[in-house]
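Since the structure comes first, as structure tokens, the remarks are kept for the end.
The values are calculated or read from the model by the stated rules, or taken from the named source; none is laboratory data. What you see is a predicted model, and the numbers here were worked out from it, not measured in a lab. Note that we place each Cβ from the backbone using ideal geometry, even for glycine, and neighbour counts take in every protein chain shown.
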Amino acid sequence: MTSPLPLRFRRNDWLALGLTALAEHGPAGLTIEALCRRAGKTKGSFYAHFPAIEAYLAALAGHWRETHTHRLMEQADKGKPAQDRLIALDRMALALDVRIEQGMRRLAQLDAGVAAICAEVDRERIGHLEKLHGESGRFASHEALALARVEYAAFIGFQQLDLGLSPQDLHDCYRTFMRLIVGPRGD
């Protein structure tokens, strides 16, 4: 059961709605008409917050960046040792709806502005992983960067490949991969 939509739609309501539409219908669900129909709002309500669909897509990509990258990094980085922060980040990332990441990557193929934000997010995520692996004291700096790249490629690859696995099976594969590179942890 979904929660009822608010009577007055704010900018963040449109953005949250967009991530849901992206997860459920891919980029095709992100037309102004489809979003307004889904929200039960008029185009005027949409245009009160976004001057054009391009502005909306840029804001949506920024919202995704904040909610699926920056917030996770902030929540994981709560003064714990690097190894614990890696584990926390891994758990939070695995809890995300992979359909949003998949949809954002498909949207990036259609919109250059979204593609630029996706590329920035990729660099930020790899840089954060590199920092954590470096701080763990287990790897030299060049190894920490290489490991961050491989780890991130596995994370994105598991989401993008159609291996015929259930979401739980994909998560289990990624958890095994993380256990192999990070070491045993208290699951």
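Going by what's in this entry, would ASP90 be described as closer than 25 Å to LEU180 by Cα and touching a His at 6+ places or on another chain (Cβ under 9 Å)? When the stated conditions are applied, ASP90 does not pass them. Here region 138-187 is the region considered, the condition is being closer than 19 Å to LEU96 by Cβ and among the acidic types (Asp, Glu), and the residue that is modelled with the highest pLDDT is GLU151. On inspection, PHE50 passes the criterion of being surrounded by 17 or more Cβ atoms within 10 Å (Cβ to Cβ) and either among the charged types (D, E, K, R) or assigned to a loop (DSSP other than H, G, I, E, B) (or both). From the list GLU54, GLU33, the one residue that fits, being at pLDDT 95 or above, of a type in the set (Asp, Glu) and within 22 Å of the chain's Cα centre (by Cα), is GLU54. Just one of the numbered conditions (1) in contact with a helix residue (DSSP H, G or I) (Cβ under 7 Å, 6 or more places away or on another chain); (2) part of a helix (DSSP H, G or I) is not true of PHE139: (2). Of the residues making up region 132-141, those that are buried (at least 17 other Cβ atoms within 10 Å of the Cβ) and either small (Gly, Ala, Ser) or within 16 Å of LEU30 (Cα to Cα) (or both) are GLY134, SER136.
When region 110-119 is limited to residues that are small (Gly, Ala, Ser) and under 14 Å from the mean Cα position of the chain (by Cα), the one that is surrounded by the most Cβ atoms within 10 Å (Cβ to Cβ) turns out to be ALA115. The condition of being surrounded by 18 or more Cβ atoms within 10 Å (Cβ to Cβ) and touching a residue at least 60 places away in the same chain (Cβ under 8 Å) holds for only one of LEU107, LEU129, LEU145, that being LEU107.
Considering only region 53-104, how many residues are buried (at least 20 other Cβ atoms within 10 Å of the Cβ), charged (D, E, K, R) and touching a residue at least 60 places away in the same chain (Cβ under 8 Å)? Matching residues across region 53-104 total 1. Determine whether PHE9 is modelled with pLDDT of 95 or more and over 23 Å from LEU170 (Cα atoms). So PHE9 fails the test.
Among the conditions (1) over 15 Å from the mean Cα position of the chain (by Cα); (2) closer than 30 Å to ALA55 by Cβ, the only one that LEU132 does not satisfy is (2). Residues of region 142-185 being in a loop (DSSP other than H, G, I, E, B) and not small (Gly, Ala, Ser), which ones? Matches in region 142-185: LEU161, ASP162, LEU163, LEU165, PRO184, ARG185.
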